[in-house]
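Here's the structure we're looking at; comments come further down.
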Amino acid sequence: MGRTAGRSPEDTRRVILESAGEVIRTRGLNASLDDIARHAGVSKGGLIYHFASKDELLLALARNLLARFRDDVTARLDPADDAPGRFTRAYIRALLAPVEDEVAARREMALTSQLSTVPAVAQLVAADTAELNAELAADGLPADVLTLVTAAADGVSVAPMWGGPVATPEHRELEKRLIQLTRWPELWRSVPWPDQATSRRP
């Protein structure tokens, strides 16, 4: 990426983060600040002006990825929906939204996996996950239904990492049904589950 004259500090910071993501994803966590600065079209001193160390840059990159997902969930909240499960429905929509660029999605997942091996980033992710889980738990749904719908959405969302498609009619139907379960939890409870004792085979 060439140098860009007249770039604002905010734009420069954004470009550095984007470049850091690309370089780390392709070269691994051993990529140097020099590598990242060169890719971003800034001097190493310019990079350090925004991020004093590589650890600080990695944490900022992780925060950026986490914030983007949170923003996506927030954007999918239905203003007209005030029923229990409102936040969970937005969470499902964010995870199961059709992926326009599955290659880019795989790259972002790969980057997230690499960053999560850094202890400081792992702590950041754990704290963010705990906060997110607390919001979901406070969303007014029965615990078993919440576990079911979020586990299903979480599992489907990582399919692109393994080359699996997610933009199929079946996935759209799954999204619809998971959301229906958040609106009518009794559907799950009404399933005629066999008694564990009587379902065991000798």
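Test of understanding: among A130, A110, which residue is among the hydrophobic types (A, V, I, L, M, F, W, C) and surrounded by fewer than 12 Cβ atoms within 10 Å (Cβ to Cβ)? Before the answer, list the steps.
Numbers: A110 fails: surrounded by fewer than 12 Cβ atoms within 10 Å (Cβ to Cβ).
It is A130.
Go through the stretch 30-61 and give me each residue that's part of a loop (DSSP other than H, G, I, E, B) and open to solvent by less than 50 Å² (accessible area, probe 1.4 Å).
A31, S32, G41, V42, F51, S53
Might you let me know whether the stretch 84-107 holds any residue that is of a type outside the set (G, A, S), touching a Gly at 6+ places or on another chain (Cβ under 6 Å) and closer than 23 Å to A152 by Cβ?
Taking the stretch 84-107 and keeping what is of a type outside the set (G, A, S), we get 84, 86-89, 91-93, 95-96, 98-103, 106-107.
The next check asks that each one be touching a Gly at 6+ places or on another chain (Cβ under 6 Å); those that pass are 84.
Applying the additional criterion that residues be closer than 23 Å to A152 by Cβ yields 84.
Yes, some residue in the stretch 84-107 is of a type outside the set (G, A, S), touching a Gly at 6+ places or on another chain (Cβ under 6 Å) and closer than 23 Å to A152 by Cβ.
All but one of (1) open to solvent by 60 Å² or more (accessible area, probe 1.4 Å); (2) part of a helix (DSSP H, G or I); (3) not aromatic (F, W, Y) hold for P98; state the number of the condition that does not hold.
(2)
Determine which member of the set L58, L33, L66 is out of contact with any His (no Cβ under 9 Å at 6 or more places or on another chain) and closer than 14 Å to V118 by Cα.
Sole residue among the options that is out of contact with any His (no Cβ under 9 Å at 6 or more places or on another chain) and closer than 14 Å to V118 by Cα: L58.
For the stretch 4-19, indicate whether the set of residues that are modelled with pLDDT of 90 or more, surrounded by 13 or more Cβ atoms within 10 Å (Cβ to Cβ) and not in a helix (DSSP H, G or I) is non-empty.
Looking for residues that are modelled with pLDDT of 90 or more, surrounded by 13 or more Cβ atoms within 10 Å (Cβ to Cβ) and not in a helix (DSSP H, G or I), one finds none in the stretch 4-19, hence no.
What is the one condition in (1) in contact (Cβ under 8 Å) with a residue 12 or more places away in the chain; (2) polar (S, T, N, Q); (3) surrounded by 12 or more Cβ atoms within 10 Å (Cβ to Cβ) that T74 does not satisfy?
Unmet for T74, out of (1) in contact (Cβ under 8 Å) with a residue 12 or more places away in the chain; (2) polar (S, T, N, Q); (3) surrounded by 12 or more Cβ atoms within 10 Å (Cβ to Cβ): (3).
Given the conditions (1) open to solvent by 60 Å² or more (accessible area, probe 1.4 Å); (2) at pLDDT 80 or above; (3) in a helix (DSSP H, G or I); (4) within 30 Å of E18 (Cα to Cα), report the number of the one that V103 does not fulfil.
Result: V103 fails condition (2) only.
Among the numbered criteria (1) surrounded by fewer than 16 Cβ atoms within 10 Å (Cβ to Cβ); (2) β-branched (V, I, T); (3) modelled with pLDDT of 95 or more, which one does T26 miss?
(3)
So that you can scan it fast, the table gives a plain yes or no per residue for (1) over 26 Å from L29 (Cα atoms); (2) in a loop (DSSP other than H, G, I, E, B); (3) open to solvent by 60 Å² or more (accessible area, probe 1.4 Å); (4) modelled with pLDDT under 95:
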{"site": "Q123", "(1), (2), (3), (4)": "no, no, yes, no"}
{"site": "D139", "(1), (2), (3), (4)": "yes, yes, no, no"}
{"site": "L174", "(1), (2), (3), (4)": "yes, no, no, yes"}
{"site": "Q180", "(1), (2), (3), (4)": "yes, no, yes, no"}
{"site": "W193", "(1), (2), (3), (4)": "yes, yes, yes, yes"}
{"site": "A197", "(1), (2), (3), (4)": "yes, no, yes, yes"}
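Closer than 18 Å to R27 by Cβ and among the charged types (D, E, K, R) - does that describe any residue in the stretch 48-67?
Yes - at least one qualifying residue is present in the stretch 48-67.
The values are calculated or read from the model by the stated rules, or taken from the named source; none is laboratory data. Just so it is clear, the structure is predicted and the values come from calculations on it, not from any experiment. Using ideal geometry, Cβ is built from the backbone for each residue, glycine included, and neighbour counts are taken over all protein chains shown. Areas reflect the complete protein model, heavy atoms only, side chains present, ligands, DNA and RNA absent. Shrake-Rupley method; radii C 1.70, N 1.55, O 1.52, S 1.80 Å.
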